[in-house]
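J.: Got a structure for you, questions after.
The values are calculated or read from the model by the stated rules, or taken from the named source; none is laboratory data. All figures in this text were calculated on a predicted structure; none of them were measured in a lab. No Cβ is skipped: glycine too gets one built from the backbone with ideal geometry, and neighbour counts run over all protein chains shown. Remember, those area values only see protein heavy atoms, side chains included, never the ligands or the DNA or RNA. Shrake-Rupley method; radii C 1.70, N 1.55, O 1.52, S 1.80 Å.
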Amino acid sequence: MLKKNNRSSPTNKSIEGMGINAFLSSIAIFLSALALGITGFAIVQNFQLQQSFNQLNVSMQKSLVTSEPSPVHNSTLESRPADNTATTPPSQQTQQVNKAIQPGQFVRPAFGGKAEVELLAVKRIQNPETGKRDVVNVQMRFRRLKVRSGGSIILNHTKARNPDTSQTYESYNEVVEDEERERARREGTEIDRSRIKRSTGNIMMRYDVPQGGSSDGYVWMSIPEGINKIDLLVDDTEAFLNVPISE
């Protein structure tokens, strides 16, 4: 009877060795892949942490810049416009405030060119009797240009006209005289002439004004508040149109 041989053949040993090697290779590949994955994950995490740090750093810098006060430079102070009120002499300040009428701006011929009338100032003032600013003081200059020139100009006959509504206004003396006449009629007394003194009166061009010379006069006009331009109608003189009223 034959005995059984328990030894493995060389072929079987080779197959077993190949299997072990394949298994070990698979484990090595798995471990390599696992290590590569861990490394990649660490790289991604590190990149994200770096971005977060950069964003935080930028935010902190912006906060510091915002919280710091802006420095005041000399160029800003130098570019600021100067205060004209503080540096302008009082006489020039008055001229700037009351610059409605300029010299030679309103000149009209009178008596057919034998004389001329110039407006010096047209300024609103306070009514001394009521306290309202419903009175305009008109200052004029009268020049005689020829030897025989005209008659007289009655300043109380001067009229003002609203260029927008065509409403007319009388001189202050005319208004007060009408009031005094009505009061005297009711009370049976005389007119109080002391109230009627708000103009130069009459300008006699031939006698009051020398040839080539001039004479100044004024008249108060009763013009309601809120009106800032008027037409002025003076005896025997071309009309002054759109005359501004200064305050």
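J.: In nm, to one decimal, how far is the Ile125 label point from the Gln105 one, both placed 7 Å along Cα→Cβ?
T.: It is 1.9 nm.
J.: Provide Rg over Rh for the stretch 207-247; use the alpha carbon set for both Rg and the Kirkwood Rh (inverse mean inverse pair distance).
T.: 1.06
J.: Now a separate question. Label point 7 Å out from Thr168 along Cα-to-Cβ: which residues of the stretch 229-247 have amide N under 18 Å?
T.: Within reach of a label on Thr168, which here means backbone N under 18 Å from a point 7 Å along Cα→Cβ, the stretch 229-247 contributes 230-243.
J.: Moving on. Could you let me know the centre-to-centre spacing of the stretch 188-247 and the stretch 100-133, using Cα atoms, in angstrom?
T.: Cα centres, the stretch 188-247 to the stretch 100-133: 7 Å.
J.: Let me ask something else about it. Could you give each residue of the stretch 128-133 its phi-based ³J(HN,Hα) in whole Hz, using Karplus coefficients 6.51, -1.76, 1.60 with θ = phi - 60°, and x for Gly or Pro?
T.: With the stated coefficients, the stretch 128-133 comes to x, 8, 10, x, 7, 9 Hz.
J.: Multiply the residue gap between Glu182 and Ile20 by 0.36 nm, knock off their C-alpha separation, and tell me the result in nm, one decimal place.
T.: 44.2 nm
J.: Related question: Under the 0.36 nm per residue contour assumption, what length would be gained going from the current alpha-carbon distance of Ile43 and Leu233 to full extension?
T.: My answer for the length gained is 58.6 nm.
J.: Rolling a 1.4 Å sphere over the protein heavy atoms, what is the accessible area per residue of the stretch 89-247, to the nearest Å²?
T.: 55
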